[in-house]
1. What GluC sites (Glu not before Pro) in the stretch 1-63 are in a loop by DSSP, with at most 10 other Cβ atoms within 10 Å of the Cβ?
2. Just to be sure I understand: of the beta bridges DSSP finds with both ends in the chain, what percent are antiparallel, rounded to 5?
3. Is the shape of the stretch 370-467 rounded, prolate or oblate, going by the alpha carbon gyration tensor and its root eigenvalues a ≥ b ≥ c, with a/c under 1.5 for rounded and a/b larger than b/c for prolate?
4. Quantify, in whole percent, the carbon and sulfur part of the accessible surface of the stretch 472-612 (1.4 Å probe; protein heavy atoms only).
5. As a test, work out the antiparallel percent of DSSP beta bridges whose residues both lie in the stretch 464-617, rounded to the nearest 5.
6. Using the Cα gyration tensor of the stretch 418-466, with a ≥ b ≥ c the square roots of its eigenvalues, what is the shape: rounded (a/c below 1.5), prolate (a/b larger than b/c) or oblate (neither)?
7. Please list, by residue number, every one of the chymotrypsin sites (Phe, Trp or Tyr not before Pro) in the stretch 1-90 that is coil in DSSP and has at most 13 other beta-carbon atoms within 10 Å.
8. Suppose the chain between LYS614 and THR448 were pulled fully straight at 0.36 nm per residue; how much longer would it get relative to their current alpha carbon spacing?
Amino acid sequence: MFENLLKPGQIGKMTVKNRMKYASTTTCICDDTTGEVTDAEIAYLAERAQGSAGIVTTGGGYPHIVGKGYPGQMGLDNDSLIPGLRRLAQAIQANGARAVAQVMHVGRYAHPELAGLDEPPVGPTAMMPKILLYKPCRELTHDEIVELVELHGQASRRVKEAGYDAVELCGVVGYLVSNFLCKWTNKRTDEYGGSLENRARFFLEIIERTRELVGLDYPIIIRLNANDRLADGNSEEEYLEIAKMCEAKGVDAISLTVGWHESDYPAITQEIRPGYWLYLAEKWKKAGIKVPLMMAYRLTRPEIADRAIANGIIDYWEMCRPMMADPYLPLKVIESRPEDIAICPACNFGCFSFWAGIRPGAHLKCTMNPRLEKEWDESYQVKPANEKKKVMVVGGGPAGMEAAMIAAQRGHDVSLYEKSDRLGGQLNYLAKAPFCEEWADVVKYFATQMNKTGVKVNLKRKVTANLIRTEKPDAVIIATGAKPQIPQIPGINRDSAITIFDVLSGKALTGRRVVILGAKAAAIQTADYLASLRKEVTVVTELPRWGRDIPPTNKWGYRLRLRENGVKILRSTKVKEITDTGVVVVTPDGQEQLIEADTVVISTLEADKELERKLAGRTDQVQSVGDCVAPRIVHSAIVEGFLAGNRV
């Protein structure tokens, strides 16, 4: 089915069993003080190797402590780390994958305070950051640049000595090397700044020194931006020229990426269609780049990657988020089981680096994979149950489906009851919003797993306490979700007031002018949907910020679209009354204002605890999961469903 992905590959002198590569991901689970590899890091990457990837790449390791950007980032800055690095390489190789370690100095994005250092981050030029998360950087001296070239080379030497099959040099996303390459961040007037050749000099010298230290036959892979998504950044043509310079220096493969943390436009969010960025690799191939090209960045579907390899656009499919969501994705490709792949819906919750981990103790999360960075934890292992039980799951949303799937995988006799005519719960509503159709694929995945794991699905069946008494289950998992919470506002019972469920289910149509009450994710997604239908939308919230439960990188896209479509967001604004002509609000300065509206949409939700209350105290084998505990994000629902299914 995916014969091109299954072909063996060659990178320099290194053979690779297939064309699937787990891409470097900063995991934040190495030792925070020393940068030493931990058992958690080994378990995380070993599972990606068990998943049959041809190549597994470590998270970026810092070659100098001032290049550390994340708590728990891997260190490559001294020889004492080699034994731990070797354990990691051996764990990857023992599971059949080629082990690659990445060298990464984060430059302006560093947080020296994480290492107890009272000094600023560094870059080619002193400048202020565009993102408040980061600090002003100071300009590197000429001698420091020369030293950093050597430190990158020494880090690569350690990678080879630790037994890795190749080294990868990071030159992307706004980290140190890309700071030198980009004219926006490099204003130097010496030989490391100015012309494109001078701006590339730092990276080229790193490649040269690395080659001197690792030898001619050792594969060197580089990661290089093909598009910055910065108004003042490099052009695509400039990056193509840099790629040619790097190829001339003897690199063995190039991984193309897109965007910086500070980019003006997003690169990996849902509005970027799967496979969109392949045009960049195709441009490089047509321009004569001969070394193998690798690419990730919204390349989430095996059929798209397989076709791209068949057409000579790329040589390897890189996966970061797709293999965070499903570490066994390559194995499912090999076994022609694409329907079993847990789809990454590009929600970016917890996997986007600056969202995931500047705080010590914060780790990566994945909506689709509750076990992410818990691979070492016995309580997160799915093992056969000691005793087969009759399990009733009430509710067919993400929490209920996850609970049913895991319980069935463990050998239980599972029945799932859903009061509506289809599975998916609120995900069906979410999939209606612009660029959110991949959530429909998530529903399809879960529905497939219900069938494959033997879960008996009962649609259009409302569960009552009497039904539970009749069925006599050994365990009940309540996943009845959330319901609209009707605020106590004068006029709320008017026919013009409807809920987001009414809108997104198609049960009710709105007028031309719409006011949405509330500004959490559900409200913003509904506003986006209505604006795409050319409605005049105003969002009203008492909070000082909107979209507080939307990941920053996704909020970026919403902000652009809402602005383009004329959506108004009134913050710190209270609703006083709904009238015949609209909504009366009280502005932050205490003034009353009428917002003319044909339709008022209520976005607030509350937990549906009806069944839970009726079963209170009747059995100790009842668990509640998901939004029926409290309305939250999809990740919370799936994690709780997983744990419930694994406990029962």
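1. GLU3
2. Details: 16 of 81 bridges.
Restricted to the chain, the bridges split so that about 20 percent are antiparallel.
3. oblate
4. In the stretch 472-612, the share of accessible area belonging to carbon and sulfur is 46 percent.
5. Working: 12 of 27 bridges.
If we restrict to bridges inside the stretch 464-617, about 45 percent are antiparallel.
6. Details: a/c = 3.93, a/b = 1.50, b/c = 2.62.
The shape class here is oblate.
7. Within the stretch 1-90, no chymotrypsin sites (Phe, Trp or Tyr not before Pro) qualify (loop, at most 13 other Cβ atoms within 10 Å).
8. Working: separation 166, 0.36 × 166 = 59.76 nm, distance 3.16 nm.
Roughly 56.6 nm would be gained on extension.
The values are calculated or read from the model by the stated rules, or taken from the named source; none is laboratory data. Quantities reported herein were computed from a predicted structural model and do not represent experimental measurements. Virtual Cβ from ideal backbone geometry, glycine too; neighbours counted across all protein chains shown. These area figures cover heavy atoms from the full protein model, side chains too; ligands, DNA and RNA do not enter into them. Shrake-Rupley method; radii C 1.70, N 1.55, O 1.52, S 1.80 Å.
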